[in-house]
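Only one structure is covered here, and it is reproduced in the block below.
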């Protein structure tokens with residue numbers, strides 16, 4: 001059952017519109033509607049606020065501002081990140097553009113929205129620092145990254161290696177602000193009754209958001225229930241507690257009536273976190289035959305000092321290639337923008353976009369095949385941690401990808417292949433993604449009639465978790481998938497580390513398998529047998545008239561020797577062909593191949609889909625996505641789905657996504673790792689490198705938009 | 001009646017320049033002709049949704065999408081952006097696809113509206129719904145009802161000769177190519193990026209294959 005590419009068990013609900021997402025829940029009865037009014041300045045204070053007109057507008061039940069908002073728990077910058085309290089409307093200070101200044105609750109959505117516009121505000125605007133480039137000299141080095149890794153690593157003498165050469169690359173790359181932008185806006189329906197708060201919440205982390213909400217509202221955790229049965233995507237942005245949940249809860253308590261609120265799409269830009277803009281300096285030194293003697297990656301990224309998110313972008317080089325002299329460093333530049341957050345592929349997406357583009361530059365400087373260069377610097381031992389790289393199959397990914405893609409037909413000279421008015425190029429890049437493990441529980445119950453129920457608070461945010469949980473339980477218990485009922489994402493169920501970080505599948509599978517083994521032991525004991533034959537499950541009522549259940553637990557990586565004895569990663573290689581229109585500079589992706597090694601795959605169909613989606617995110621990082629800040633006012637100038645460009649159908653051809661047959665015995669007893677972010681790793685650089693191969697123009701300021709290519713393109717042929 | 005004029009980029013994205021020059025306020029320009037009044041304006045409309053007739057009493061500013069979701073509790077049609085940029089709200093009105101967030105419910109008296117719920121049920125899926133499941137044409141599922149409604153309409157548009165931006169020859173029947181399907185589906189954004197699988201699903205249905 002493990003590995004089978006079965007259809008999603010929640011698929012029929014989703015395709016027929018019967019999967020009910022948080023804002024749509026009817027469980028609490030008719031709710032009031034909330035609408036958030038955001039600040040129109042980027043920094044300063046509210047000089048005056050007049051809510052009288054809003055309060056007298058039709059249907060309005062409540063207008064909350066900093067003057068009447070209930071006292072809340074203070075923000076605490078906890079290292080656990082996702083369980084931080086986030087109080088709202090606490091002061092007259094404005095720290096970022098769009099910050100909530102009023103919350104209007106009315107009988108209908110239309111009334112709440114209209115009344116929110118009637119709140120009259122006068123601001124005292126202050127100058128702020130809004131652009132990274134002009135404040136980059138204020139960067140502060142960071143000793144520790146948000147995920148706990150060291151901010152700086154240093155081995156040997158990189159400067160000396162750069163001086164010695166003989167071939168070196170020293171280039172600066174910029175990667176822009178990105179947003180997760182899941183299709184379901186962040187939303188919450190809050191229901192207060194009998195001193196208990198139930199939130200139907202679009203979240204990736206149930207247990208953590210429960211704590212965050214409880215601490216914000218001054219409640220005990222057991223006074224809060226979180227339910228996230230269906231979540232319309234997250235990509236990092238639903239790991240955190242945001243304004244909509246807190247405001248809905250405050251209003252529901254005050255009004256003794258359920259309140260629901262969804263962010264508008266523009267508010268998804270202002271009120272959820274972005275990936276910080278980054279300036280990368282990558283340095284490489286190599287011998288003439290392509291052996292790396294030194295590598296360095298310095299990253300300077302935007303942060304809000306009150307809640308810094310120090311994305312691990314310079315860590316990608318730490319385990320990827322051997323080289324005696326190494327230096328990776330992170331620093332942050334404080335700007336008056338909202339706190340940045342994890343966006344899919346934190347660290348790897350921008351880090352590999354820069355680093356693997358630099359590796360391509362080195363390959364051309366050396367006149368060595370880019371695949372060959374990477375194979376030459378492959379390593380079985382982590383160059384910085386000194387322990388084996390378990391499941392290191394980078395070379396397999398590179399060779400398999402090159403073969404499938406037809407890499408041997410690549411144009412060797414950049415700008416040399418012309419088809420009519422198009423320049424055609426091939427590019428490739430390697431990918432690596434750290435594998436993590438977080439504490440996760442699961443419970444398995446067998447009813448007296450043999451029905452099996454599986455429960456965990458891990459949400460399925462599109463990751464296929466409902467389906468793979470059924471597959472793991474079916475395999476462990478020797479039954480059919482259709483005999484398993486999976487219930488997820490409720491705070492009454494055993495807490496998990498959440499859906500994010502590519503760890504949901506492995507965390508949950510390990511815990512679930514252990515729970516299933518437990519239950520088999522208990523049945524065997526009760527039946528006086530040495531082991532539990534599969535067919536006995538239907539008869540558990542004989543020994544357990546009330547049914548039987550058992551829990552299983554996955555421990556955090558800090559307590560797991562596997563994570564000390566090995567350097568845990570997943571691997572990939574991506575190959576892309578692009579055509580660049582010489583008249584317009586438009587880059588079209590023609591085809592792409594990705595080959596991945598991610599341990600044992602639980603569901604071949606859903607894993608492939610997730611990797612394919614990740615590859616498209618990679619394409620997008622190379623060609624499409626960038627959020628732009630107005631440096632005068634600190635607002636997102638392209639904060640909607642028409643202006644923040646994400647790939648659409650017409651941008652994406654068929655994409656070959658290949659999973660190597662893999663099993664990583666050093667990851668866990670099931671051999672499973674994860675695929676959620678691996679698809680974004682290196683795939684952007686493959687496209688970026690293909691654009692160089694097509695045009696001979698190296699763009700180091702991402703994304704590669706038309707204007708960055710136009711001046712370097714050859715003239716069109718005049719009609720014969 | 002609430003005569004407040006609201007705009008999609010109104011309260012949450014006021015003109016930054018205004019904040020700088022006058023210290024006034026976004027609310028100012030948006031206030032329109034409103035005066036202090038407590039009465040909510042209501043309007044009755046008959047909506048024919050999935051062949052069933054519903055009498056709805058609603059605020060005339062209610063979009064068709066919100067009428068479906070909040071009044072009829074047909075939450076299959078999704079609100080992704082509420083400004084016609086993502087396609088998650090796509091429904092069929094008199095057989096043609098529209099963004100239901102960009103039209104008011106009161107404009108659809110007596111129109112025949114089909115939502116994703118009307119195409120099929122979990123036990124009796126429409127062929128397009130079944131193909132999406134089989135080809136894994138979705139992950140989180142939030143854009144999916146819009147993709148499916150769009151896909152059903154796209155095949156009809158191609159069959160009935162409605163040209164698109166990429167149609168080469170307007171005089172001939174339109175070829176059911178991947179380029180045509182991709183172009184016509186481009187108003188439906190999928191952030192999970194299930195695009196290649198969605199195209200597979202649509203091609204399967206178009207080709208009459210299971």
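The values are calculated or read from the model by the stated rules, or taken from the named source; none is laboratory data. Since this is a predicted model, take the numbers as computed values, not measurements. Using ideal geometry, Cβ is built from the backbone for each residue, glycine included, and neighbour counts are taken over all protein chains shown.
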Given A:59, A:151, which one is closer than 30 Å to residue A:283 by Cβ, modelled with pLDDT of 95 or more and either crowded, with 19+ Cβ neighbours inside 10 Å or within 14 Å of chain B (Cβ to nearest Cβ) (or both)? A:151
Quick check: is even one residue across segment A:365-384 touching a strand residue (DSSP E or B) at 6+ places or on another chain (Cβ under 6 Å), more than 20 Å from residue A:688 (Cβ to Cβ), crowded, with 20+ Cβ neighbours inside 10 Å and in contact (Cβ under 8 Å) with a residue 40 or more places away in the chain? yes
On the phi > 0 side of the Ramachandran plot and in a loop (DSSP other than H, G, I, E, B), is that true of residue B:137? no
Hey, among the residues in segment B:15-71 that are facing another protein chain (nearest Cβ under 7 Å), assigned to a loop (DSSP other than H, G, I, E, B) and in contact with a strand residue (DSSP E or B) (Cβ under 6 Å, 6 or more places away or on another chain), which one's modelled with the highest pLDDT? B:25
Report those strands (runs of 3 or more DSSP E) wholly inside segment A:216-323 carrying at least 3 residues which are more than 14 Å from chain B (Cβ to nearest Cβ). A:224-227, A:278-286, A:292-303
Taking residue B:158 and the conditions (1) in contact with a helix residue (DSSP H, G or I) (Cβ under 8 Å, 6 or more places away or on another chain); (2) within 12 Å of chain A (Cβ to nearest Cβ), which numbered condition does it fall short on, given that it satisfies the others? (2)
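For (1) within 29 Å of residue B:70 (Cβ to Cβ); (2) more than 7 Å from chain B (Cβ to nearest Cβ); (3) at pLDDT 95 or above, each residue gets a yes or a no:
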| site | (1), (2), (3) |
| --- | --- |
| A:54 | yes, yes, yes |
| A:63 | yes, yes, yes |
| A:74 | no, yes, yes |
| A:117 | yes, no, yes |
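Residue-by-condition table, conditions (1) closer than 24 Å to residue A:609 by Cβ; (2) in a helix (DSSP H, G or I); (3) touching a residue at least 40 places away in the same chain (Cβ under 8 Å); (4) at the interface with chain A (Cβ under 10 Å from one of its Cβ atoms):
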position	(1), (2), (3), (4)
B:81	yes, no, no, yes
B:87	yes, no, yes, yes
B:110	no, no, yes, no
B:129	yes, yes, no, yes
B:146	yes, yes, yes, yes
List the residue pairs whose Cβ atoms are under 7 Å apart, where the first residue sits in segment A:169-183 and is on the phi > 0 side of the Ramachandran plot, the second is at pLDDT 95 or above and not in a loop (DSSP other than H, G, I, E, B), and the two are 6 or more positions apart or on different chains. A:181/A:268
Quick check on this structure: which one of A:508, A:512 is within 19 Å of the chain's Cα centre (by Cα) and in a helix (DSSP H, G or I)? A:508
Selection from segment A:105-135 of residues that are crowded, with 18+ Cβ neighbours inside 10 Å and in a strand (DSSP E or B): A:105, A:106, A:120, A:121, A:123, A:125
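Going through segment A:47-56 one residue at a time, which ones are surrounded by fewer than 18 Cβ atoms within 10 Å (Cβ to Cβ) and not in a strand (DSSP E or B)?
Keep residues of segment A:47-56 that are surrounded by fewer than 18 Cβ atoms within 10 Å (Cβ to Cβ), which gives A:47-48, A:50, A:52, A:55-56.
Once the filter is applied, which keeps residues that are surrounded by fewer than 18 Cβ atoms within 10 Å (Cβ to Cβ) and not in a strand (DSSP E or B), segment A:47-56 yields A:52, A:55, A:56.
So which of A:131, A:127, A:92 is free of Cβ contacts under 8 Å to residues at least 60 places away in the same chain and farther than 30 Å from residue B:59 by Cα?
The match here is A:92.
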Only one of A:67, A:61, A:37, A:84 is closer than 30 Å to residue B:139 by Cβ and either part of a helix (DSSP H, G or I) or in the same structural domain as residue A:260 (by TED's automatic domain parsing) (or both); which? A:84
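This table checks each residue for (1) surrounded by fewer than 24 Cβ atoms within 10 Å (Cβ to Cβ); (2) more than 18 Å from the chain's Cα centre (by Cα); (3) assigned by TED's automatic domain parsing to the domain that holds residue A:296; (4) closer than 30 Å to residue A:701 by Cα.
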{"site": "A:188", "(1), (2), (3), (4)": "no, yes, no, no"}
{"site": "A:193", "(1), (2), (3), (4)": "yes, yes, no, no"}
{"site": "A:196", "(1), (2), (3), (4)": "yes, yes, no, no"}
{"site": "A:199", "(1), (2), (3), (4)": "no, yes, no, no"}
{"site": "A:202", "(1), (2), (3), (4)": "no, no, no, no"}
{"site": "A:206", "(1), (2), (3), (4)": "no, no, no, no"}
{"site": "A:210", "(1), (2), (3), (4)": "no, yes, no, no"}
